[in-house]
Amino acid sequence: LYICNLDEAVTMSDLWKECTKSGSVTQVNIITDKRTGISKVFGFVKYNSNETAANAVIYMNGQQLLSKQIHVEFAYQHELQKKT
C-alpha cells in the first residue's frame, strides 16, 4: 500500500503499530530524504495478503495519525495516477 500525508514525526514503529490494527503486516517503509534523513511524508506498507491490504485501505484511508489525516491506496493505483 501507498500511504501519504504522514506527519513528519511519524516513525516506522508508529506506522507499523497503526497498520497492524488492520491485519498482519510484513513490511513498513517511510521514504526519507537521502541527504537529510527527513521524512518525505509518504511510505509503503506490505500485508500478508491482498485481502488484508484491501481491508486496510477501507479501514485506514482518512484516519488521523498524529496530527494529519492519512491517505491510503494500493501502490499500483498511485503509479497509474502519476502517469496520467
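The values are calculated or read from the model by the stated rules, or taken from the named source; none is laboratory data. Quick caveat, the model's predicted, so the values are computed rather than measured. Every residue, glycine among them, receives a Cβ derived from its backbone with ideal geometry; neighbour counts consider all protein chains shown. Calculation scope for accessible area: heavy atoms of the full protein, side chains included, ligands and nucleic acids excluded. Shrake-Rupley method; radii C 1.70, N 1.55, O 1.52, S 1.80 Å.
So the values come out like this:
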{"quantity": "Tally of Lys pairs whose C-alpha atoms are under 19 Å apart, taken over the chain, 8 or more apart or cross-chain", "calculated": "6"}
{"quantity": "Which of Ser13, Ser39 is most accessible, then next, and so on - probe 1.4 Å", "calculated": "Ser13, Ser39"}
{"quantity": "Which labelled figure in (1) 15.1, 49; (2) 16.8, 55; (3) 12.2, 36 is Rg and Dmax of the Cα atoms in Å, once derived from the coordinates", "calculated": "(3)"}
{"quantity": "Low-density loop positions, trypsin sites (Lys or Arg not before Pro), the chain - DSSP coil, at most 14 other Cβ in 10 Å", "calculated": "Lys21, Lys34, Arg35"}
{"quantity": "Magnitude of the charge dipole, the chain, Cβ model with Lys/Arg +1 and Asp/Glu -1, debye to 20", "calculated": "200"}
